[in-house]
Amino acid sequence: MNRPKFTHDCAGKVHGENCIARCGEGYEGLAKQKTCEYPSFTNGMPDCVGSVCTQNFPVGTGVNSTDCDGIRTNETCMPSCRFGYSEVNATRLACQTTGALTASTLTCDPKECAPLTNYGAFRASTALTVQC
């Protein structure tokens, strides 16, 4: 659910009255006092930036979530699998206003190595003898 970047208590204010505009949930920045100067308000809006997501990072054997490091509210990232693992159910994750990433369905399955018979001295046609 997208929440507003700003919140305020300015509804219904009349000429000469003050109100406060502040950053909404999931955003950071300084609040600004505004004054109703008919027909509009003074002082502009606060400079709000998304908060950094710090919760619900995908974990598990082979999971690589570094693409999600430092993302902010309403930004997305794509976790992946480390070398030697296959991705299953990879999806983009979003940083929510709560400071948590959306749930990940990613799992990383270890890849199977090729049989030793595919390598040099271990080829099926080569006989191996050992002398003591």
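Taking 116, 30, 101 in turn, the Gaussian network model of the chain (Cα-Cα springs below 10 Å) assigns the largest fluctuation to 116. Treating cross-link reach as a plain straight distance, find the lysines whose alpha-carbon is under 30 Å from the alpha-carbon of residue 13, omitting any fewer than eight places away in the same chain. Output for residue 13: 5, 32, 34.
For region 51-110, what is the accessible area per residue in Å², given a 1.4 Å probe and the full set of protein chains?
For region 51-110, the per-residue accessible area is 55 Å².
On full extension, the segment bounded by residue 111 and residue 9 gains 31.0 nm, given 0.36 nm per residue less the C-alpha separation.
Take the Cα of residue 92, step 7 Å along the line toward its Cβ, and report every residue of region 35-77 whose backbone nitrogen sits under 11 Å from that point. Residues 75-77 qualify, since their backbone N sits under 11 Å from the label point. For region 51-110, the fraction of 1.4 Å probe accessible surface lying on carbon and sulfur atoms is 50 percent. Taking every protein chain into account, the 1.4 Å probe leaves residue 78 with about 70 Å² of accessible area, to the nearest ten. Rolling a 1.4 Å probe over the protein chains gives residue 15 an accessible area of about 120 Å². In the context of the full set of protein chains, region 6-49 has a per residue accessible area of 65 Å² (1.4 Å probe). Counting heavy atoms of the protein chains alone, residue 108 has an accessible area of about 20 Å² for a 1.4 Å probe.
In the set (1) 15.1; (2) 17.5; (3) 19.3, which value of Kirkwood radius over Cα pairs in Å was calculated from the structure you see? Looking at Kirkwood radius over Cα pairs in Å for this model, the match is (3).
The values are calculated or read from the model by the stated rules, or taken from the named source; none is laboratory data. Model, not experiment: these values are computed from the prediction. For neighbour counting, all protein chains shown are included, and Cβ atoms are generated from backbone atoms with ideal geometry for every residue, glycine included. Calculation scope for accessible area: heavy atoms of the full protein, side chains included, ligands and nucleic acids excluded. Shrake-Rupley method; radii C 1.70, N 1.55, O 1.52, S 1.80 Å.
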